[in-house]
Amino acid sequence: MILLTGGTGYIGSHIAVELLDAGHQVVILDNLSNSVCTVVDRIKTISQKEVEFYKGDVRDAALLGVIFKAHNIKAVIHCAGLKAVGESVSNPLAYYDANVYGSISLCKAMEQAGVKRLIFSSSATVYGHEAEPPYMETMARGSASSPYGASKAMIEKVLEDLSSSDPQWSFSILRYFNPIGAHPSGYIGESPQGIPNNLMPYISQVAAGVLPELLIYGNDYPTDDGTCVRDYLHVVDLAVGHRMALQTLEQPGVHYYNLGAGKGVSVQEMVDAFILATGVDVPYRFAPRRKGDLAAFWASSEKAERELGWRTRKSLVDMMVDTWRWQQFTSSENS
Ligand code: NAD
Ligand code: UD1
């Protein structure tokens, strides 16, 4: 049995389906602060399997005690947390509390239950402004550009110190690049609250007519077409990476893996690819740079390929088509 925190969220729900499809039993803990409980039914519909669900918070020690007592949990995948970069600047305490304290609370409960295997959702943001792409796991963490990024770096350090204090622990720290797309079934995907901050949901909402136009933040970057470059990967590939990372937990210590496609795509290329793949127009115009954005970064995905046998399989077309299918599903549900 695997405990999956944040399992009704965007990435967690895809991990749940991937684990169930592979024959694992899954128990989800999520406080539904950024997701809805109908996702549990959708996970069951897609996988045709049962999944246990607890509505609750990773900072609730009593509830964690109940869960570890009730289930024979072998490993934990910890996706629960807050992730809006801008919001973390205006409300840092909420971010350190949910992310850093939440992870400490979870590790305490695991220690008490004698479960010492954890996969953690980290981010490429921990490499900071100083790093030159491609980012490699051997690079040191850089200075964080936001409390959100700092919270991820702090959690990584907490896990490292825990491992040094007790060599029975094994951690797999997965640094995600830019996950996009949705499950090909069209039943689960990303549901940002309000106006999206991230590129892909913004593109799909403009295409659907929910938003009038896309602003491309900056066309004067030192990149081929002047727009920012990122490493986008399909969320289903990301979920597969978690299943494959379970094997690393057999070895005590701290294991780091970048989960990215290993190549950069510009904002302009993303817009063009969406229009080409879906045949739907996306009105856009160029706007000033967004504060805090880096010109270009992408992963070295060699370590994940070498040690996990993982690499991305899905194409940019898959990412666009699956995002659009999901957008149409959510638009039809809301109408
Ligand atoms: P999400 O918001 O869709 O999912 C997170 C889930 O955690 C939500 O369902 C939310 O209700 C739940 N949650 C939040 N705080 C909680 C708490 N204290 N207790 C219990 N549940 C709680 O976000 P996501 O995109 O699926 O991200 C999952 C993880 O991956 C996060 O830790 C995020 O920081 C990390 N990450 C995401 C991205 C990305 O681009 N989406 C990139 C890098 C890292
Ligand atoms: C952002 C976060 C990162 C987080 C990730 C996933 C920042 C600085 N970084 O990454 O920490 O892990 O989201 O949640 O916020 N863009 C537009 N127009 C838009 C939206 C985005 O041009 O309306 C551009 C951005 O300038 C950027 C690219 O698209 O160049 C990707 O943006 P986004 O999807 O927000 O991801 P990141 O900034 O890479």
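Exactly one residue among Ser90, Ser35 is under 24 Å from Ser146 (Cα atoms) and more than 9 Å from ligand 1 (Cβ to nearest atom), and that residue is Ser90. Within the span defined as region 146-159, one or more residues are on the phi < 0 side of the Ramachandran plot, buried (at least 18 other Cβ atoms within 10 Å of the Cβ), part of a helix (DSSP H, G or I) and away from ligand 2 (no atom under 16 Å from the Cβ). Contact annotation: residue pairs with Cβ atoms under 8 Å, 6 or more positions apart or on different chains, pairing a residue in region 124-139 that is at positive phi with a partner that is within 16 Å of ligand 1 (Cβ to nearest atom), are Gly128/Arg141; Gly128/Gly142; Gly128/Ala144; Gly128/Ser145; Gly128/Gly149. If only residues of region 160-185 that are charged (D, E, K, R) and either within 15 Å of ligand 1 (Cβ to nearest atom) or not in a loop (DSSP other than H, G, I, E, B) (or both) are counted, the one that is surrounded by the fewest Cβ atoms within 10 Å (Cβ to Cβ) is Asp161.
Select, from Arg243, Arg313, the only residue that is in contact with a helix residue (DSSP H, G or I) (Cβ under 9 Å, 6 or more places away or on another chain), charged (D, E, K, R) and under 28 Å from Arg141 (Cβ atoms).
Arg243
Of the candidates Asp224, Asp237, the single residue that is at pLDDT 95 or above, among the charged types (D, E, K, R) and farther than 27 Å from Thr330 by Cα is Asp224.
Look at Arg175 and say whether it is within 20 Å of the chain's Cα centre (by Cα), modelled with pLDDT of 95 or more and closer than 20 Å to Ile11 by Cβ. Yes: the conditions hold for Arg175.
Reported count of residues in region 124-143, each being within 13 Å of ligand 1 (Cβ to nearest atom) and surrounded by fewer than 20 Cβ atoms within 10 Å (Cβ to Cβ), is 0.
With region 1-88 as the region, which strands (runs of 3 or more DSSP E) entirely inside it contain at least 3 residues that are crowded, with 21+ Cβ neighbours inside 10 Å?
Strands (runs of 3 or more DSSP E) meeting the threshold: 2-5, 26-30, 75-78.
Annotation: Gly12 fulfils all but one of (1) within 16 Å of ligand 2 (Cβ to nearest atom); (2) at positive phi; the unmet one is (2).
Given the residues Gly194, Gly189, which is the only one that is surrounded by fewer than 16 Cβ atoms within 10 Å (Cβ to Cβ) and under 23 Å from Trp326 (Cα atoms)? After ruling out the rest, the residue left standing is Gly194.
When Ile188 is tested against (1) within 11 Å of ligand 1 (Cβ to nearest atom); (2) of a type outside the set (Asp, Glu); (3) within 25 Å of Ser300 (Cα to Cα), exactly one condition is not met: (3).
Among the conditions (1) modelled with pLDDT of 95 or more; (2) away from ligand 1 (no atom under 16 Å from the Cβ), the only one that Leu259 does not satisfy is (2). Exactly one residue among Ser105, Ser143 is over 28 Å from Arg311 (Cβ atoms) and assigned to a loop (DSSP other than H, G, I, E, B), and that residue is Ser143. Among the residues of region 191-216, none is identified as within 15 Å of ligand 1 (Cβ to nearest atom), within 20 Å of Thr278 (Cα to Cα), assigned to a loop (DSSP other than H, G, I, E, B) and in contact with a Pro (Cβ under 6 Å, 6 or more places away or on another chain).
The values are calculated or read from the model by the stated rules, or taken from the named source; none is laboratory data. Since the structure is predicted, the reported quantities are computational estimates derived from the model, not experimental observations. Don't worry about glycine lacking a Cβ; one is built from the backbone with ideal geometry, like all the others, and counts go over all protein chains shown.
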